[in-house]
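Colleague: Encoded as structure tokens, here's the structure I'll be asking about.
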Amino acid sequence: MRMGKEWAKQTFYSNAPIRDEIVMRPTTVKDCAALRLGPRLCVASTESVALESKEMGYLLAQCCCNEIAASGAEPIGLSVSLFVPKSMEETKIERITEQIRQCADALRVEVIGGNVEKSDAVTRVVASAVIIGSCPESRLVAADGAQMGDDLVLTKWAGMEATYRMVTDYASVSMQHLGTEGYHACQQLKGELSAIPAGLLAAELGAHAVYHAAKGGVLGAVHALCTASRCGAYLIEQHIPVLEETEQLCHAFSLDALRLSSAGCLLIACENGRNMVRSLQEKEITAAGQVKYADNGLRIQCMDGMTREIAPPGTDEFYRFAEHMAETGVSLNQG
């Protein structure tokens, strides 16, 4: 059952125009928008979320914008579709749409399309979105343009997004292992989940390739970027930044921090990692790097001193954590 364009307009869309590029906005009559981008490129990307979270709407909107920023494009418009169980209360649906709108407003992105469908075909919320952005052709960055001898730079901290979701969705369990101070510190990670400033700066500085390290974490991003670019890499685990709180949660639940979802973290391949790191840090963006590509193969020197192959990305470690919580009877949002 479609809940109506008027309802969608009231819940998804901003009350006032935000972007000059949008010359036609969706109405209750026509659910369509038009963008005038002039000589700039129009760049589009998609994202989906099926795992429930207290911050599902926010995470969907933020990840969409991060994906487009990883291409060097500034996000402009967001179009969202939600498929929800027929039994779901409208107040819960409205919470998701409000999160989407608030996140978009904070990032100066307009929601230019919104649809909610109630269906027996789903047992939990399935959300998908299309994000549209623009950039000059000279700033467009692919995910397969890394060159032999490039440095690898990582922004923020591995497993950052998953850490935030753990303390948000499983508060009482997380607090047991982190304590009150660590728990509250991780709550502040919400403000770190945007990769837009880092993505635009990396493109401006001439990055050869950029990959958003969301699903599959940092090692998943390394494998994807290097495989697409036909390059190898040799990483040193102790040089990869991981928060102490993330390490504590990984130790408690036998998780690999380098394969935890890391939305907000960008993997950047560039000619001079030191300059990239310095420029990012000057903009108060945490970054670490200077790992050279190898001629072939994907290997990592682990904390125990052993060198191991970097396997292709599998199931994200956060999904495994969520399944463990369900199996042990810990409810989502408990505490």
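Colleague: Report E247's accessible area, 1.4 Å probe, all protein chains in place, as a number in Å² to the nearest 10.
Modeller: For E247, the solvent-accessible surface is approximately 90 Å².
Colleague: If you roll a 1.4 Å probe over the heavy atoms of the protein chains, what accessible area per residue do you get for segment 137-210, in Å²? Provide the component values of the computation, followed by the final result.
Modeller: Values: 2820 Å² over 74 residues.
That works out to 38 Å² per residue.
Colleague: Tell me the carbon and sulfur percent of the accessible area for the chain, rounded to whole percent, probe radius 1.4 Å. List each step's numbers first, then the result.
Modeller: Details: 7230 of 15180 Å².
The value for the chain is 48 percent carbon and sulfur by accessible area.
Colleague: E52 to E117: extension gain in nm, 0.36 nm per residue of separation minus the Cα-Cα distance? Could you put the intermediate results ahead of the total?
Modeller: Values: separation 65, 0.36 × 65 = 23.40 nm, distance 1.68 nm.
Gain in length upon complete extension: 21.7 nm.
Colleague: Please get the size of the charge dipole for segment 151-300, origin at its Cα centre, with Cβ charges of +1 on Lys and Arg and -1 on Asp and Glu, quoted in debye to the nearest 20.
Modeller: Using only the charged Cβ atoms, the result is roughly 360 debye.
Colleague: Which percent, nearest 5, of DSSP beta bridges in the chain are antiparallel?
Modeller: Values: 37 of 50 bridges.
Rounded to the nearest five, the antiparallel share is 75 percent.
Colleague: What ranking of H251, H212 comes out by heavy-atom accessible area, probe 1.4 Å, highest first?
Modeller: Working: H251 160, H212 10 Å².
The ranking, largest first, comes out as H251, H212.
Colleague: Right, something else. Sort I236, I22 by accessible area with a 1.4 Å probe, largest first.
Modeller: Heavy-atom accessible area, descending, gives I236, I22.
Colleague: What does the accessible area per residue of segment 224-335 come to in Å², with a 1.4 Å probe and no ligands, DNA or RNA counted? Write out the running numbers ahead of the final one.
Modeller: On the way: 5920 Å² over 112 residues.
The answer is 53 Å² per residue.
Colleague: Residues with beta-carbon under 12 Å from that of D105, excluding D105: net charge, scoring Lys, Arg +1 and Asp, Glu -1?
Modeller: +1
Colleague: Please compare each pair in K86/K190; K156/K215; K92/K156; K54/K156 to a cut-off of 25 Å on the Cα-Cα distance and tell me which ones are over it.
Modeller: On the way: K86/K190 30 Å; K156/K215 15 Å; K92/K156 31 Å; K54/K156 23 Å.
Over 25 Å Cα-Cα: K86/K190; K92/K156.
Colleague: Where does each of E110, E237, E309 land when they are ordered by accessible area, with a 1.4 Å probe and the largest first? Walk me through the numbers before you get to the answer.
Modeller: Details: E110 10, E237 45, E309 130 Å².
Of E110, E237, E309, the descending order of accessible area is E309, E237, E110.
Colleague: Roll a 1.4 Å probe over the protein heavy atoms and report the accessible area of K190 in Å², nearest 10.
Modeller: 70
Colleague: Another question, then. Taking every DSSP beta bridge that has both residues in segment 62-127, what percent is antiparallel when rounded to the nearest 5?
Modeller: Numbers: 2 of 11 bridges.
Here the antiparallel bridges make up roughly 20 percent for segment 62-127.
Colleague: Around C250, with a cut-off of 11 angstrom between Cβ atoms, what is the net charge of the other residues, counting Lys and Arg +1 and Asp and Glu -1?
Modeller: Working: positive: R259; negative: E244, E245, E247, D256, E317.
Here the charged neighbours net out to -4.
Colleague: Now, a different point. Let me have the relative contact order for the chain, percent, based on Cα pairs under 8 Å that are six or more residues apart. Can you show the working numbers first?
Modeller: On the way: 748 pairs, mean separation 72.1, N = 335.
Normalised by residue count, the contact order of the chain is 22 percent.
Colleague: Once volume of the Cα convex hull per residue in Å³ is worked out from the coordinates, which option in (1) 138; (2) 148; (3) 129 does it equal?
Modeller: (1)
Colleague: Right, something else. Applying the Karplus parametrisation 6.51 cos²θ - 1.76 cosθ + 1.60 with θ = phi - 60° to the phi angles of segment 204-211, what ³J(HN,Hα) value in whole Hz is obtained for each residue in order, glycine and proline being reported as x?
Modeller: Computed from phi, the couplings for segment 204-211 are 4, 8, x, 4, 7, 7, 9, 9 Hz.
The values are calculated or read from the model by the stated rules, or taken from the named source; none is laboratory data. Because the structure is predicted, anything quoted here is derived from the model rather than measured. Because the Cβ atoms are built from the backbone with ideal geometry, glycine has one as well, and the counts that use them run over all protein chains shown. Ligands, DNA and RNA are excluded from the accessible area calculation, which covers all protein heavy atoms including side chains. Shrake-Rupley method; radii C 1.70, N 1.55, O 1.52, S 1.80 Å.
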